[in-house]
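A quick write-up on the structure given underneath.
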Amino acid sequence: MLVDGVPSRTIAAGGGAVEILDQSVLPHRIERRTLTTLGDAARAIASMQVRGAPLIGVTAAYGLALAAGTDPSDDGLRAAADLLARTRPTAVNLRWALDRMLAWLLPEPVAARGPTAWRLAGELAEADVESCRAIGRHGLALLEALGGSRGGSLSVLTHCNAGWLAAVDRGTALAPVYAAAERPGRADDVHVWVSETRPRNQGLLTAWELGQQGVPHTLVADNAAGHLIRRGLVDAVLVGADRIAANGDAANKIGTYLKALACADAGVPFYVLAPLSTVDPACPDGDAIPIEERDGDELRIVHGTRADGAPASVRLVDAGTAVGNPAFDVTPARLVTALVTDVGTAPATADGVARLLAGG
C-alpha cells in the first residue's frame, strides 16, 4: 500500500536485520525502526510498534530468525519462541507462526537453521500478503451484494485497525474496501466510518491509512457507532479478529461486541474477516480465549501532538486512580453474520469453522 505515494510494507528484512514501520508514533510521525536482536523483536510486539494479529505472527517469525543467528540450538530456539509467545497472549497468529517455524527448523541441521529461518520467515510474510488479497476478494463479493445507503455508494463501519498496518500488506477487514476502491472508475463508491477505538486509538491509524490510499472516510467517537447503525447510515460492519474459537466466537479489540449488538438490533450485517491462521481449533469457545489486560496508563494518559507538531502527553487522571484496561472482548458467534477468511466464507458456527479448516 502507499505511504506518501510510495508503495510500502509494514515489515521488510535484509542484511540480517528487520525494518518495521513504527506504529506507536503513527499517525503523527512516520518512522522506521531496525530490529537486530530477539529482544528487539519481542519489544516491538509488546510495545505495539507492530500490532495486528497477522503482522504480530510475521514479526515473531522474523524474531526467531534473529534468534537463530545467535543460538540455533534446540533449547535456544525453544526459549526464543517462549519469549516471543509471552508478548501478546490473545492473538493466536503469534503462537501459530512460532509453532510453524519450530516445526520447520528443528529437523534441520543446526548449522543450516539461520539461513533457513530467514527464508521461512520471508515465505510467511509473502503468504500473509496473498492471504489478505484472498480475504479482499471474498469480502468484496459480500459487499457488492449489499445496497448502498449513501446515494448508491456503500458505507461500512470498522473498529480498531485491521487494514494494511495490521498485516504485511492489504489487511484483513479493510481488504474488501481496498478491493472495492481499486475498481476502475469506482474509487468513491465506498465510504468508511472509522471508530476511534480508545484507549490505544487504533482508529486513528485506520483513518491515516485510508487517507494515504484516498479512500473516503469519517472518524467518529466509539460511542457514535450505535447511533449511525440505528439511523441506517451503515450498510455493514467489518472487523478483524485476534482469535476465532472453534464454535465461531471471535475476540477483537475492546468495543467490538457493542458494535455487534447494535448490528443485531438494527439488522445490519456484521462480518469478521481474518486469515485461517486466526482460527484456533483447540479453543472451544470465546470463554476460553485469554484476554490481555494492559497497563492502566494507556487509559490515564493521552498521547498526541502540540500545535507545533511536537509530541505531547496529557494526564487525564492521577496515577492512583484504579483503572481496568482489557484489550479485547469476545463477540458471540450468534451475532456474527459470517466469517470471511482467505479460504472462503462460512457461517460463524462449529460446522462453518470446521468447513473452513478443511479448506473452505
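Rule-based calculations on the coordinates, nothing more; no lab input. Please read all numbers here as calculations on a predicted model, not as lab measurements. With ideal geometry, Cβ positions are generated from the backbone for all residues, glycine too; neighbour counts draw on all protein chains shown.
Each residue of segment 256-271 was assigned a 3J(HN,Hα) from its phi angle through the Karplus curve 6.51 cos²θ - 1.76 cosθ + 1.60 (θ = phi - 60°); the sequence is 5, 4, 5, 5, 5, 4, 5, 5, 4, 5, 9, x, 9, x, 10, 10 Hz, with glycine and proline shown as x. If you take the beta carbon distance between Thr218 and Glu126 as r and set R0 to 41 Å, what does 1/(1 + (r/R0)^6) give as a FRET efficiency, to the nearest 0.05? Between Thr218 and Glu126 the formula returns 0.75. To the nearest 20 debye, what charge dipole does the chain have about its Cα centre, counting +1 at the Cβ of each Lys and Arg and -1 at the Cβ of each Asp and Glu? Value, rounded to 20: 500 debye. For a modelled paramagnetic label at Ala264, 7 Å from Cα along Cα-to-Cβ, the residues of segment 279-295 in reach, with backbone nitrogen under 15 Å, are 286-287.
Among Ile301, Ile254, the ranking by other beta carbons within 10 Å of each residue's beta carbon, starting with the fewest, stands as Ile301, Ile254. From the largest down, the chain spans 62, 52, 45 angstrom on the principal axes of its Cα atoms. Which one of Gly52, Gly139, Gly69 has the biggest mean-square fluctuation once the chain is modelled by GNM with Cα springs under 10 Å? In the Gaussian network model the winner is Gly69.
Just want the ordering: Val129, Val168, Val302, from fewest to most Cβ atoms lying within 10 Å of their own Cβ.
On the way: Val129 17, Val168 25, Val302 14.
Exposure proxy ranking, most exposed first: Val302, Val129, Val168.
Normalised Debye scattering of segment 147-357 at q = 0.11, 0.12, 0.15, 0.16 Å⁻¹ gives log10 I(q)/I(0) of -0.54, -0.64, -0.98, -1.09, counting only Cα atoms as equal scatterers and leaving out solvent. A simple spin-label model places the labels of Leu146 and Glu293 3.6 nm from each other, with each point 7 Å out along Cα-to-Cβ. Considering all C-alpha pairs of segment 1-47, those separated by over 11 Å amount to 70%.
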